[in-house]
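Engineer: Provided herewith is a single structure, encoded as structure tokens, for subsequent inquiry.
Read the figures in this text as sums done on the coordinates, not as results from a lab. On a predicted model such as this, the values are computed, not experimentally measured, just so you know. Note that each Cβ is placed from the backbone with ideal geometry, even for glycine, and that neighbours are counted across all protein chains shown.
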Amino acid sequence: MDMKRDSVPWTKQRNEPSRPIHHTTGQPQCIQAQIVTRKKTTQEHSSKLASPASHNTPSITPMLLVAFLLVASLLSPVLSTATVSDSGHSLPANQTFHPGSELHKLRRVRAYLRKINKPAVKTIQSPDGDVIDCVLSYLQPAFDHPELKGQKPLDPPQRPKGHDTTDTVAESSQLWAASGESCPEGTVPIRRTTEKDILRASSIARYGRKPRRVRRDSSGSGHEHAVLFANGDQYYGAKASVNVWAPSVADQYEFSLSQIWVISGSFGHDLNTIEAGWQVSPELYGDNNPRFFTYWTTDAYQATGCYNLLCSGFVQTNNRVAIGAAISPRSSYNGRQFDIGLMVWKDPKHGHWWLEFGSGLLVGYWPAFLFSHLRTHASMIQFGGEIVNSRSSGFHTSTQMGSGHFAEEGFGKASYFRNLQVVDWDNNLLPLTNLHLLADHSSCYDIRQGKNNVWGTYFYFGGPGRNVRCP
């Protein structure tokens, strides 16, 4: 997610390929479209309450009893508030609390929750523990923005010419909707944010934004990529399909993602990006499920933008897709592959950037006024994977990218992007030109490009992270 100058070395020579790889692989197999319903799983949370170990209770004098009750009455609101989350689970019993600061922090957390969690007309419990709120579309967080107050979501735009939603590969959907539940027309499904979600973040102010700064060392910025990118032209959108995995993430403050970047501006303080794909982020979501996500920024991740719907910005229009919700089913090694379609493009009429998920589901749009450079067009399109390497144990992380296997293993084993296209000024979908490949640390994560009549331009990418060649 972090596209800072020191984490994307190719930006210093934007028109030159960075060690392009010319390996190609054989034509992938085509598998019949079929969605396999994943068995419901729930995360079980339990907490043990300590009970008295002895029945020999010492006598308490009236004076001591009065003092004890006075102290207990002063502390009980703080302690009870601090030890029980909004989901009803007890926090660790050995946690040390400072009543004044803890109470102030929890008041701020709950004020934020009241702001971000909008009133629901229907609530759906997902098998993975998420709560999905069906919120009236005009009450969603986007309409807290001063330039959107009082407005309603726009009608669907014209899709790019040459867009085809038919496919032959099995497609993933979302776990919360697997039971057949859905949100009513006129509402949008929003994953409910909990106290525990916010308390996992480095601060309330940074929740939902770019992950906390990782330690800088000789290995680089901490963000590592295996990507294909195109630049040197004006771009008005991008489209691809990516298969979904559940890579292992070794540290709570690391993540693994596969996404499309739509980029404009310099890699300094005015970088504009629109991003969409799937990610595993224990810090943001509290688990290791792959989740459909979006992100945007207009100042290089400094103060603007956020993940999903965690700030005012992205306007959701769809009642069947919950941004931030878990994706199911997932691909399996040497087994059936499941992928998701992604398309981001600029509406020629209003200039907003729209997002499509799966086979033709319009999710919503980023209003043009959010951006500076992207208000007109993009100057770079990027596809691929990214991880954070925090080196928390003193060596390279074992966080996986994609399937956790290198690109050379190919179909059914490595992660892929297929049918890569861009949108031109006249709203046409076209094949990519001026392509470059980049793997920051190819002994940890790599990438290989190919092309055929079935998948068009495609590539395999990923890797296991730490191994004998990646210390």
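Engineer: Quick query: amide H of Thr297 versus all other amide H atoms, modeled in the peptide plane; which residues come in under 5 Å with a sequence gap of 5 or more or a different chain?
Structural biologist: Here Thr273 satisfy the definition.
Engineer: Moving on to the next point. May I ask you to evaluate 6.51 cos²θ - 1.76 cosθ + 1.60, the Karplus curve with θ = phi - 60°, for each residue of the stretch 401-408 and list the ³J(HN,Hα) values in order in whole Hz, giving x for glycine and proline?
Structural biologist: Along the stretch 401-408, the couplings run 10, x, 7, x, 10, 5, 4, 4 Hz.
Engineer: What size of dipole, in debye to the nearest 20, comes out for the stretch 386-453 about its Cα centre when the only charges are +1 on Lys and Arg C-beta atoms and -1 on Asp and Glu C-beta atoms?
Structural biologist: That gives the stretch 386-453 a dipole magnitude of about 200 debye.
Engineer: Additional query: List the aspartates and glutamates whose alpha-carbon lies under 20 Å from that of Lys161, not counting same-chain residues fewer than 8 positions away?
Structural biologist: Qualifying aspartates and glutamates at Cα under 20 Å: Asp233, Asp347, Glu356, Asp424, Asp426.
Engineer: Given H placed 1.01 Å from N in the peptide plane, which residues other than close sequence neighbours of Ser173 have an amide H under 5 Å from its amide H?
Structural biologist: Ser328
Engineer: Moving on to the next point. Count neighbours as other Cβ atoms within 10 Å of each site's Cβ, and list the trypsin sites (Lys or Arg not before Pro) in the stretch 439-471 that are DSSP loop with at most 11 such neighbours.
Structural biologist: Listed in order of number, the matching sites are Arg469.
Engineer: List the residues whose amide H sits under 5 Å from the amide H of Phe338, counting only those 5 or more places along or on another chain, with H placed 1.01 Å from N in the peptide plane.
Structural biologist: Val244, Ser331, Ser332
Engineer: PRE reach from Arg206 (point 7 Å along Cα→Cβ): which of the stretch 389-406 fall under 16 Å by backbone N?
Structural biologist: Under cut-off, by backbone N: 389-392.
Engineer: Work through the residues other than Ser101 whose Cβ is under 12 Å from its Cβ and net out their charges, Lys, Arg +1 and Asp, Glu -1.
Structural biologist: Neighbour charge sum, excluding Ser101 itself: +2.
Engineer: Using the Karplus curve 6.51 cos²θ - 1.76 cosθ + 1.60 with θ = phi - 60°, work out ³J(HN,Hα) for each residue of the stretch 336-351 in order, rounded to whole Hz, and write x for Gly and Pro.
Structural biologist: For the stretch 336-351, the Karplus-derived couplings read 5, 10, 10, 9, 10, x, 9, 9, 10, 8, 8, 5, x, 7, 9, x Hz, x marking Gly and Pro.
Engineer: Across the stretch 424-430, in residue order, what do the Karplus-derived ³J(HN,Hα) couplings come to in whole Hz, using 6.51 cos²θ - 1.76 cosθ + 1.60 with θ = phi - 60° and x for Gly and Pro?
Structural biologist: 9, 5, 9, 6, 9, 7, 9
Engineer: Using only Cα atoms, locate the centre of the stretch 251-268 and the centre of the stretch 286-340, then give the distance between them in Å, rounded to an integer.
Structural biologist: 12
Engineer: May I pose another question? Suppose every Lys and Arg Cβ carries +1 and every Asp and Glu Cβ carries -1, with no other charges. What dipole size does the stretch 233-298 come out with about its Cα centre, to the nearest 20 debye?
Structural biologist: With only Lys, Arg, Asp and Glu charged at Cβ, the dipole is about 240 debye.
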